[in-house]
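Engineer: This is the structure I have questions about; it appears just below.
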């Protein structure tokens, strides 16, 4: 795989412009290699994202030099690939941790029998945030890391936990507040 090395030069730019460039680089999934140097795989997805980074740098009277690495095995290429891989692994780890927090939250709501539509809506919003985050991470993970597969399974478990919780909420509503046993809720949501 070839890589794009981005040399960001913002000497004298206000901190507002530096932060805007930094945020955009993080948003597109660029990995820092050293101060002012970032990397992304040389793919259409990442190439298309660089225009905004360059525009933001220009607003701060700076620029972005984009260099393409030589073919596999070129000196320094492993360091660039390692920086990108390390960042992706950290992101998948953080995502999986948030999935775990979501599952704990659902378990708590079941334990305290908080079977309300308001709580269900809040949990649905949390799951949707996880889904968006997963899509973003997946779009950047051109390395197809095993951690991505594990995170996808974790997300599926979150979906299943929320469906179980939703069944309990709807069962409680249809039973006029009668207690609901985990696993005993009927799946009809009418």
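Engineer: Residues in the stretch 1-36 that are touching a strand residue (DSSP E or B) at 6+ places or on another chain (Cβ under 8 Å) and closer than 14 Å to residue 62 by Cβ: how many?
Structural biologist: So the answer is 7.
Engineer: Within the set of pairs 6+ apart or on separate chains, which have a first residue in the stretch 105-131 that is surrounded by 11 or more Cβ atoms within 10 Å (Cβ to Cβ), a second that is not in a helix (DSSP H, G or I), and C-beta atoms under 6 Å apart?
Structural biologist: So the pair list comes out as 110/182.
Engineer: I've got another one for you. Any chance the stretch 51-60 includes a residue that's in contact with a strand residue (DSSP E or B) (Cβ under 8 Å, 6 or more places away or on another chain) and in contact (Cβ under 8 Å) with a residue 40 or more places away in the chain?
Structural biologist: Taking every residue of the stretch 51-60 in turn, at least one turns out to be in contact with a strand residue (DSSP E or B) (Cβ under 8 Å, 6 or more places away or on another chain) and in contact (Cβ under 8 Å) with a residue 40 or more places away in the chain.
Engineer: Would you check which residues across the stretch 6-20 are within 22 Å of residue 133 (Cβ to Cβ) and crowded, with 20+ Cβ neighbours inside 10 Å and list them? Give the derivation first.
Structural biologist: So in the stretch 6-20, the residues within 22 Å of residue 133 (Cβ to Cβ) come out as 19-20.
Matches in the stretch 6-20: 20 only.
The numbers here are math on the coordinates, done by the rules we state, and not lab data. Note that the coordinates shown come from a computational prediction; the quantities given were computed from them, not determined experimentally. Glycine gets a Cβ as well: all are built from the backbone with ideal geometry, and neighbour counts include every protein chain shown.
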